[in-house]
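Trainee: To start, I am sharing the structure in question, which I have written as structure tokens.
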Amino acid sequence: MERSEKQNLIRTRGLKRTFKARGRAREKDVEAVKGVDLDVFQGEIVGFLGPNGAGKSTTLKMLCTLLEPSGGTATIVGADLRKNPDEVKRHIGYISQNGSTSSAARAGDELIWHGELHGMSRAQAREKSRNLLKALDLEDVWEQTCGTLSGGQRRRLDIVMGLIHEPALVFMDEPTTGLDPQARTNLWGHIRRLRDELGTTVFLTTHYMDEADALCDRVFIIDHGEIVGEGSPKELKRAISGDTIRLTMRNGADTRAAVELGSSLGTATPVQLGNVVTIQVPEGASALPEIISALNKKNIEAIGIEMAQPTLNDVFLGLTGRSLRD
Ligand SMILES: Nc1ncnc2c1ncn2[C@@H]1O[C@H](COP(=O)(O)OP(=O)(O)OP(=O)(O)O)[C@@H](O)[C@H]1O
Ligand SMILES: [Mg+2]
């Protein structure tokens, strides 16, 4: 299905939030979110990527009806966020940055209470929970107290809670923060399965660029309360710097031929250092075979070929002049 035919589950225009400065009169109000436009479509995993304090959680809380916007409009799963927040709540799940299970409670009890909160009978809540626990590889935790679960298990239990009423759209605030690398990768797999098997649309915040890159179909980059970039990780990386292809040639004549070829195929003048020629291309995967076959036609062979791809950190650097890690 083309994106235009798919349902638009999040649509915001000029959404903003200002926090009043407390204390001294000279302190300025904090413009945490300065008017963001977001479109998220059914079946997407969308990442909201930005450094600490960028406005990610504030935006997410507004979209979940937990925080009143100071301005702008938003439609969530077809319902107007400001006029019809109760309707919005019925269609969304929210997994907060800090989790929501009580350490002393049994996992099964937490789930049943949560289901009842959404108007289910105990039997319905039990059945729904069992199915979701299975989908998230948590079949054996029912009797366990939440405090004894591993970090990754507890995070997945949070997700089960957020999904118990079968929302079309689920918001996850920093779902993998605090997890070890293996548990993070494992959770990415589970989030993809939610999308693929249940058709759930996922909007998540993260300050990990590798997470945005590996998991998200599309990314919005936010900095100082403003969206500074938007696209699939691939598009974002391609638009900023393209790929670099580095050819090591056998002799001076071959090197000159490679430079000539690079001038016609590359996006910038090729850089030559000794017998090494560096060519900037929009997309290495398609340019590389083209370069090799063009050289072959002239009976020239490169003795070394390297391709380097930009990362989302390079994208952030290009957009803001800072590294996301700073
Ligand atoms: N209740 C509040 N009162 C005053 N300022 C706030 C409040 N909540 C957030 N802020 C400020 O708004 C800005 C954005 O905060 P927010 O929590 O949205 O950032 P974030 O992108 O989620 O950061 P993190 O990666 O650290 O979770 C920050 O400057 C923060 O200090
Ligand atoms: Mg946050």
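Read-outs: derived from the displayed coordinates by stated rules, not from any lab. Remember, it's a predicted structure, so these values are computed and weren't measured experimentally. Cβ atoms come from the backbone with ideal geometry, glycine included; neighbour counts cover every protein chain shown.
Trainee: Looking at segment 38-59, which of its residues are under 22 Å from Gly71 (Cα atoms), near ligand 1 (Cβ under 8 Å from one of its atoms) and within 14 Å of the chain's Cα centre (by Cα)?
Mentor: Gly50, Lys56, Ser57
Trainee: Hey, another quick one. Here are Arg184, Arg218, Arg126: which of them is touching an Asp or Glu at 6+ places or on another chain (Cβ under 8 Å) and without any contact (Cβ under 8 Å) to a residue 40 or more places away in the chain? So that I can check it myself, show each step before the final result.
Mentor: Details: Arg218 fails: without any contact (Cβ under 8 Å) to a residue 40 or more places away in the chain; Arg126 fails: touching an Asp or Glu at 6+ places or on another chain (Cβ under 8 Å).
Testing whether each residue is touching an Asp or Glu at 6+ places or on another chain (Cβ under 8 Å) and without any contact (Cβ under 8 Å) to a residue 40 or more places away in the chain leaves just Arg184.
Trainee: Six or more apart or on different chains, Cβ under 7 Å: which pairs go from a residue in segment 160-176 that's at positive phi to one that's within 16 Å of ligand 1 (Cβ to nearest atom)? Could you list them?
Mentor: Every condition considered, the pairs that remain are Glu174/Gln97; Glu174/Thr205; Glu174/Thr206.
Trainee: Test Thr65 against the criterion of being more than 8 Å from ligand 1 (Cβ to nearest atom), under 30 Å from Arg192 (Cβ atoms), crowded, with 18+ Cβ neighbours inside 10 Å and of a type in the set (Ser, Thr, Tyr), and give yes or no. Break it down stepwise before answering.
Mentor: Numbers: more than 8 Å from ligand 1 (Cβ to nearest atom): yes; under 30 Å from Arg192 (Cβ atoms): yes; crowded, with 18+ Cβ neighbours inside 10 Å: yes; of a type in the set (Ser, Thr, Tyr): yes.
Yes.
Trainee: Moving on. Does Ala212 count as within 16 Å of ligand 2 (Cβ to nearest atom) and within 26 Å of Gly72 (Cβ to Cβ)?
Mentor: yes
Trainee: Among the residues of segment 118-156, what is the count of those that are under 24 Å from Leu204 (Cα atoms) and not basic (Lys, Arg)? Break it down into steps so the answer makes sense when it comes.
Mentor: Kept after step one, since they are under 24 Å from Leu204 (Cα atoms), are these residues of segment 118-156: 118, 128-129, 131-138, 146, 149-156.
Checking which are not basic (Lys, Arg) leaves us with 118, 129, 131-133, 135-138, 146, 149-153.
So the answer is 15.
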